[in-house]
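What follows is calculated from the coordinates using simple rules that are stated; it is not laboratory data. In this text the structure is predicted, and so the values were computed from the model without any measurement. Neighbour counts run over all protein chains shown; Cβ positions are idealised from the backbone, glycine included.
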Amino acid sequence: MYSVGDYVVKANSGVCRVEDIVHLNLSSVSSDRLYYLLIPQADKNAKLYVPVDTGGTLIRGVLTEEGAWAIIDKIPDIDETWIANDKLREQEYKEALKSCDPELLIGIIKNIYLRKAKRLSEGKKSTSVDERYFRMAEQALYSELAFAIGRQPDEINEIIQDRIKKQ
């Protein structure tokens, strides 16, 4: 169970602060059920409610600084997620984003990067699906890494490139 003041990661919302643990006063939910009140770091005006009893499947603890650097160092060794079938590939993208697993996000980013390079070499454009999921995966990954190491998300790509060059 998370405590008030803890930071967690929630799919589609990124890093959030546990602001409170509350009972919702709604007729459609049990008054006995507890909810985390989450405030996303990217939108401090938003409020998200996640049931405490299912929170473990919907949220996870944010990476530590050491964990973030370990993921960055591991990037060259993480395989891209290659799926030839367009429908299955998009489903895999969705699952990776939903999981908030940094390694899965890296696999998706690498896959889309390689697909884009291949398509460009064939004189084709990148697909809109690939572009959309690339942005979403980068945003999810980079915002958490930035939070964990105390940097801005727009600095993360440069940090990753510098780290890879040093290896």
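Among (1) 10, 34, 31, 18, 6, 1; (2) 11, 44, 39, 7; (3) 10, 32, 25, 15, 11, 6, 2, 0, which one is P(r) over Cα pairs in 10 Å bins from 0, in percent computed from these coordinates?
Read-out taken from this structure: (1).
Provide the FRET efficiency to the nearest 0.05 for the Ile164-Glu66 pair, computing r from the beta carbons and using R0 = 25 Å.
After rounding, the FRET efficiency stands at 0.85.
Using alpha carbons only, how many angstrom separate the centre of segment 93-167 from the centre of segment 3-17?
One Cα centre to the other: 21 Å.
What does the charge dipole of the chain about its Cα centre add up to, to the nearest 20 debye, if the Cβ of each Lys and Arg holds +1 and the Cβ of each Asp and Glu holds -1?
That gives the chain a dipole magnitude of about 600 debye.
Given the peptides 106-117, 127-138, 82-93, arrange them by the average over their residues of other C-beta atoms within 10 Å, most packed first.
Going by the mean number of other Cβ atoms within 10 Å, highest first, we get 106-117, 127-138, 82-93.
If I take every Cα pair under 8 Å that is 6 or more residues apart in the chain, average their sequence separation and divide by the length, what percent do I get for the relative contact order?
Value for the chain: 19 percent.
Expressed as cubic angstrom per residue, what is the convex hull volume of the alpha carbon set of segment 70-139?
Once divided by residue count, the hull of segment 70-139 is 82 Å³.
Kindly identify segment 43-95 as rounded, prolate or oblate by the Cα gyration tensor criterion: order the square roots of the eigenvalues as a ≥ b ≥ c, call it rounded if a/c is under 1.5, otherwise compare a/b with b/c, prolate if a/b is larger, else oblate.
oblate
Checking the table Lys47/Lys74; Lys94/Lys124; Lys94/Lys125 against a 31 Å threshold on Cα-Cα, which pairs fail?
In this structure, Lys47/Lys74 lie more than 31 Å apart at Cα.
Which of rounded, prolate or oblate describes segment 1-67 when judged by the alpha-carbon gyration tensor and an a/c cut-off of 1.5?
prolate
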